[in-house]
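To start, the structure itself, in structure tokens.
The values are calculated or read from the model by the stated rules, or taken from the named source; none is laboratory data. Since the model is a prediction, treat every value here as computed from it, not as a measurement. Neighbour counts are summed over all protein chains in view; Cβ atoms, including those assigned to glycine, are modelled from backbone coordinates with ideal geometry. Side chains are part of the model used for accessible areas, which takes the heavy atoms of the whole protein and leaves out ligands, DNA and RNA. Shrake-Rupley method; radii C 1.70, N 1.55, O 1.52, S 1.80 Å.
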Amino acid sequence: MNDITFELNHEQVTITADPSLRLLDVLRDRLHLTGAKEGCGEGECGACSVLINDQLANSCLVPLANVHKQRVTTIEGIATTKEGKLLQQAYSKEGAVQCGICTPGMMMASYALLKKHPHPTREQIQIGLSGNLCRCTGYNMIFRAIERAAKEGEGTW
Amino acid sequence: MVKHIIPNSLKEALDYMDGHYTTIVAGGTDLMVQRRNWAELPPTFTSDPVYVFHLSELNYVNEDDKNVYIGAVTPMSVLLDHPATPQLLKDAIAIIAAPGLRNMATIAGNIGNASPAGDSLPILYALDALVRIQSKSQNSLLPIAQVIQGPRKTILDNNELITEIVIPKDPFTFQMFRKVGGRKADAISKVSFTGSVRIEGKHVTDLRIAFGAVAPTVVRVRDIEMEYEGKTVKQLQQQVKSLQEAYATYIRPIDDQRSNKEYRMNVAMNLLEQFISSLKEE
Amino acid sequence: MNDISRSIPKLDSVPKAFGNERYVNDIRYENALYAKTLRSPHAKARILRRRYPELPAGYHIIDHTHVPGENVVNIIADDQPVFAADRVTYYQEPILLVIGPDKRVVLKLMKDIHIEYDIEVPQFEWTDSVVHYHFTKGNLAKVKEQADKVIRREYHSGYQEQLYIEPQGMIGYHDGKQVILEGSLQCPYYVKNALIRTLNCADDYVRVRQATVGGAFGGKEEFPSLIACQLAVAIEVIRKPIRLIYEREEDVESTTKRHPSHITMTAYVKDNEILGIQSEVGLDGGANIGLSGVVLSRALIATTGVYTIDHLDVTGDVYRTNTVPNGAFRGFGAPQMLFAVEMFMHHVAAELKVDALAFRQRYLAKQGDHTSTGGTFRDPIIMPEMLSRVLDESDYLNKRERYASPDSHRGIGMSWVLHGCGFTGSGEATHIKARVKLHKRTTDEVEILIAAVDMGQGVKTTMTKLVATILDVPMSQVIYDNPDTNFVPDSGPTVASRTMMIVGGLVARAARRLRDEWNAGEDQWIEERYVQPDYIKWDETTFHGDAYPAYSWGINIVEVEVDPATYEVTVLETWNIYDVGKAIDEQVILGQADGGQLQGLGLGYLEVMNHKQGVIQQRNVTDYIISTSVDTPPMHNYLMDNPYPLGPYGAKGAGELTLVGGAPAVALAIEQAIGKEIHEIPVTPERIMELMNDE
């Protein structure tokens, strides 16, 4: 057991835990933030996506030790921001949400993508989401949601 | 019970590793899958995990006239965006997994895991990359091919850590990397091809070819390369069949859940041919 | 009034996007125990002896001896035990649950359980037919004699895994009066009825609640009944809250998939005319029959696809093998059959050296034609209009000509499909007998009480919109919660593209009645029951009559490029047009179109799954390949209005239609790109290599 301290959604948290625990489990089980989902447990599906120091990461592959003294943002942290709302509205308007299990992870990937490319090309969008599997939507409506969020959020990203 | 070590410096890590059984945890992208447990339980470690991903002294890309120096825990995404990263390595990284994973994965991790399908490895072989291995008392620089001994097997001793990858800046005229996976992103290689040449006038003066995922380790055969170096581009292109035959004895693919032998062999040969036929005289 | 098709934002998209929606794995009961399934390591064996370890206080092993009622999961065929008793018939078949508060201890106990098996020789060949159907139309024997040419082809398709991103899971507890289960499921009443049989209990002793479903695609049609029965037995014994959540590998290895198929089609031809067709269809049912017979029926009835052929002889078999049981998957037997028939029509045309498009147009069904089972296509068929539109949009004819040269490495393929809406045959009237209720509270809020599940297809939004539109009240005045069997009547399962057409039809009828009887401020209840239109006649034994009340229609055009060095396929673009009667929400249907097509394409060229000695080889998301965002092509989807008189606002089925044509369209495109006939899907690079190297 070690004390692991990190910034979570702009608040300092300290957890006494096995440092090898998956960040995903700590978020869901210990901190009751269930927005990140487990779809595969091996970093392929992206349903567990979070940001670590503003960079997209699969929280099912991150040992808790690796976020010690780092900054973690989850979908719950994005939800209250202007960018998060912009994205959510764009997802709604474009019909980009079906069963929704991939959506929080997809939102995180979209957020990271737009922060890096405020005016993304279709190809950049496709690559930006390539680690987030969706079995319902066929992705096209998600692409359009991101394009909409880029346009309607001009200057925000 | 294992002890978890979160060192404050490289020195602290090496000091602890000296005299303890340890497992190095970098980005975790491979290890956390291998050691995965039932959800909510910690992964299974039988020796003390030493976490090194946060060590900033191992996170850098530097260059001088001769070499590019890559710190062991530099994430692949940083390499992808860095101007000093060799283009061939960028080409490979660009289709390793997906952005989230590339933010955590490291090429030192690829080396440490020595997976036959590790996509950065053929590039490192082709570019004659050197691997710096440190322990509390030693510091050595070894060619990549010596470091990797077999699938999931390296030369590293328990007290040793990969700290840096050194890539010589050799002048190349034309390079090609091609990965064939089950889909266009987020896939594990069925086969990969790396080719790199220097052409001076009509002559091929430096020829490097590496195949990934078609044998227990990366296939790069210096003897074959030397046999064809010094030939003209035209000669090389005329002799492509014999070049293919030469490699065919080294390519020993397997049948598995992702593909089969025949396909891997066929595609490896096709890509070799494509590479050779696309060469042009200077 | 606005056109009902005009899109509105989905009601659940905000909580889903922000991660606030509760899926089964997000629901936490205090002090819940964890359950893990011990499974068979053999494909076929007798269980000789079991040695269980001594259990620490608070830990339990639950097996077949604890089942109070029948040790059978109520599906259609009674051959799936809740827990294997004296024999196992497939690798990973569940034998028992180990349950307790600490996962580490549970895992340790799993290791200490010793089961002695007498290993038997497993059956993997398709020889043990457990369901056999045969029907005819016209008189094939007679036309065989007239034929001047016989053209025969065999088609094969492999497994397809639903790969919902949320693995299977169920949690539950006992509240002193009832066993209460919450889970990721499509059919609350399938689960409830299975529980009653397994627990041998009164109807009101069990309660099933739907947790938000993270994808289903048929994979959560019958399978959840199995884990629900196991969990209910455990709760009945232990009387504590228990969680049973699958990990991905466990899910892929042990849950139902799309049936692999072998289909042989034989055309009897005279003067370049097809006189009649013989089809022989085989499906791999896996170790249990389950609902495979119904899957087979749908496949057989689709034997001539969109074409009218006067003389047919159709046989089908489900084979039992010692492999993971196969079951429901979007399309339900139709994708395999439509792949075969679409390829076959092209292959027959090629062998007759006639233009495939003109050849197929000759047989395209028209209103009033007889279906494969001698029923009638009663409603207008607008395929010619659809065809002309989509040919224009895609520039199909020019491209087809341009890509005729193999050097282009490109191809364009076009499939024509139909999908029978609702249950096959008389299932709706004889088995389901759907009931729906509307409840108007004294606040004038209206509750929709149905058992239909929103699993991403948007039914919460469309059903609410339907009622709000009819009542002419704001959407916010209409309530549609996740179904709970304590409150909703059995409106049937959420399957077979029946939800909007059948359940929505009843809901619309109830809403119209409520509108007419509306008394502000009064508590009102309206109930509607399904009544089969009397002109629909179906004979289950002879497969004769109207197999479906209505049909949806579609055309898929797919353009591909094949890399000559790596044999990889790139899907460049697709054009698709659908007649779903009337879209209750355009965007919802277009979402089905995108997603259904990507799954259909996956079945056609990408998604490889096979077993070795009964062990699934692609057991995780790394090895079972589905499309990523980079693989997905631009898709152009067009909807046509062709209202069906008995559907709400004219709506027919839509969810499955968008999948069924993907595989033949992409296979036909690849066929053109490589200049070789294709008989097997998925058309992998490995297979393309073999075809291209086979001179």
(1) open to solvent by 60 Å² or more (accessible area, probe 1.4 Å); (2) outside any helix (DSSP H, G or I); (3) more than 27 Å from B:P143 (Cα to Cα): which one isn't true of B:S259, the others all being true? (1)
Matching entry among C:I235, C:I263 (being over 30 Å from C:H347 (Cα atoms), touching a His at 6+ places or on another chain (Cβ under 9 Å) and either open to solvent by 10 Å² or more (accessible area, probe 1.4 Å) or away from chain A (no Cβ under 14 Å) (or both)): C:I235
Any pair with Cβ under 9 angstrom, 6 or more apart, that starts in the range C:647-666 at a residue that is assigned by TED's automatic domain parsing to the domain that holds C:M414 and ends at one that is of a type in the set (D, E, K, R) and assigned to a helix (DSSP H, G or I): C:P648/C:R509; C:T658/C:D594; C:G661/C:E342; C:A663/C:E342; C:P664/C:E342; C:A665/C:E342
A:M141 passes all but one of the listed conditions (1) more than 7 Å from every other protein chain (Cβ to nearest Cβ); (2) not in a loop (DSSP other than H, G, I, E, B); the exception is number (1)
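For every residue, the table says whether it meets (1) touching a residue at least 24 places away in the same chain (Cβ under 8 Å); (2) assigned to a strand (DSSP E or B); (3) touching a helix residue (DSSP H, G or I) at 6+ places or on another chain (Cβ under 8 Å).
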{"site": "C:A267", "(1), (2), (3)": "yes, yes, yes"}
{"site": "C:I274", "(1), (2), (3)": "yes, yes, yes"}
{"site": "C:G282", "(1), (2), (3)": "yes, yes, no"}
{"site": "C:I289", "(1), (2), (3)": "yes, no, no"}
{"site": "C:G293", "(1), (2), (3)": "yes, no, no"}
Selection over the range C:266-286 where residues are open to solvent by 10 Å² or more (accessible area, probe 1.4 Å) and under 20 Å from C:Y90 (Cα atoms) yields a count of 0
Can you tell me which residue among B:V214, B:V166 is open to solvent by less than 40 Å² (accessible area, probe 1.4 Å), closer than 30 Å to C:V569 by Cβ and either of a type in the set (A, V, I, L, M) or within 14 Å of chain A (Cβ to nearest Cβ) (or both)? B:V214
Taking the range C:667-692, which residues are in contact (Cβ under 8 Å) with a residue 40 or more places away in the chain, more than 14 Å from chain B (Cβ to nearest Cβ) and either more than 30 Å from the chain's Cα centre (by Cα) or open to solvent by 10 Å² or more (accessible area, probe 1.4 Å) (or both)? C:E671, C:Q672, C:A673, C:I674, C:G675, C:E677, C:H679, C:E680
Look at C:E586 and say whether it is in contact with a Lys or Arg (Cβ under 6 Å, 6 or more places away or on another chain) and either open to solvent by 40 Å² or more (accessible area, probe 1.4 Å) or within 14 Å of chain A (Cβ to nearest Cβ) (or both). no
Give the range B:227-256 a look and list any residue that's aliphatic (A, V, I, L, M) and part of a helix (DSSP H, G or I), or say none. B:V233, B:L236, B:V240, B:L243, B:A246, B:A248
Looking at the range A:39-59 only, could you name the residues that are surrounded by fewer than 24 Cβ atoms within 10 Å (Cβ to Cβ), at the interface with another protein chain (Cβ under 7 Å from one of its Cβ atoms) and assigned to a loop (DSSP other than H, G, I, E, B)? A:E42
Please verify whether B:A26 is of a type in the set (A, V, I, L, M), under 22 Å from the mean Cα position of the chain (by Cα) and under 30 Å from C:E250 (Cα atoms), treating the condition exactly as stated. yes
What pairs can you find where one residue is in the range C:632-644 and farther than 25 Å from C:A508 by Cβ, the other is assigned to a strand (DSSP E or B) and charged (D, E, K, R), and their Cβ atoms are less than 6 Å apart, with a gap of 6+ or different chains? C:P633/C:E573; C:P634/C:E573
Of the residues C:T65, C:T89, C:T37, only one is within 33 Å of the chain's Cα centre (by Cα) and over 17 Å from C:I242 (Cβ atoms); which? C:T89
Among the candidates C:L387, C:L397, residue that is modelled with pLDDT of 95 or more, open to solvent by 20 Å² or more (accessible area, probe 1.4 Å) and of a type in the set (A, V, I, L, M): C:L397
What number of residues in the range C:299-325 are among the hydrophobic types (A, V, I, L, M, F, W, C), touching a helix residue (DSSP H, G or I) at 6+ places or on another chain (Cβ under 6 Å) and open to solvent by 10 Å² or more (accessible area, probe 1.4 Å)? 1
Flagged in the range C:405-457 as within 22 Å of C:G554 (Cβ to Cβ), under 17 Å from the mean Cα position of the chain (by Cα) and of a type outside the set (A, V, I, L, M, F, W, C), in numbering order, are C:H419, C:G420, C:G422, C:T424, C:G456, C:Q457
Quick count over the range B:9-58, residues being more than 10 Å from chain A (Cβ to nearest Cβ) and out of contact with any helix residue (DSSP H, G or I) (no Cβ under 8 Å at 6 or more places or on another chain), is 14
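Results for (1) open to solvent by 10 Å² or more (accessible area, probe 1.4 Å); (2) within 14 Å of chain B (Cβ to nearest Cβ), shown as yes or no for each residue.
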site	(1), (2)
A:T74	no, yes
A:I78	no, no
A:M107	no, yes
A:Q126	yes, yes
A:S130	no, yes
Evaluation of C:L466 against (1) part of a loop (DSSP other than H, G, I, E, B); (2) within 17 Å of C:A510 (Cβ to Cβ) (one fails), failing number: (1)
Taking only the range B:11-22 into account, find how many residues are modelled with pLDDT of 95 or more and surrounded by fewer than 17 Cβ atoms within 10 Å (Cβ to Cβ). 6
Elements of type strands (runs of 3 or more DSSP E) in the range C:1-75, at least 3 residues being away from chain A (no Cβ under 14 Å) and surrounded by 18 or more Cβ atoms within 10 Å (Cβ to Cβ): C:33-39, C:60-62
Can you tell me which residue is least open to solvent (accessible area, probe 1.4 Å) among those in the range B:54-107 that are charged (D, E, K, R) and either in contact (Cβ under 8 Å) with a residue 24 or more places away in the chain or assigned to a loop (DSSP other than H, G, I, E, B) (or both)? B:R102
Output the residues belonging to the range C:598-642 that are among the hydroxyl-bearing types (S, T, Y), open to solvent by 10 Å² or more (accessible area, probe 1.4 Å) and either part of a loop (DSSP other than H, G, I, E, B) or away from chain B (no Cβ under 14 Å) (or both). C:T622, C:Y638
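Yes/no matrix, rows are residues, columns are (1) among the small types (G, A, S); (2) in contact with a helix residue (DSSP H, G or I) (Cβ under 8 Å, 6 or more places away or on another chain); (3) not in a helix (DSSP H, G or I):
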site: C:A358; (1), (2), (3): yes, no, no
site: C:K366; (1), (2), (3): no, no, yes
site: C:R378; (1), (2), (3): no, no, yes
site: C:I381; (1), (2), (3): no, no, yes
site: C:E385; (1), (2), (3): no, no, no
site: C:L391; (1), (2), (3): no, yes, no
site: C:K399; (1), (2), (3): no, no, no
site: C:D407; (1), (2), (3): no, no, no
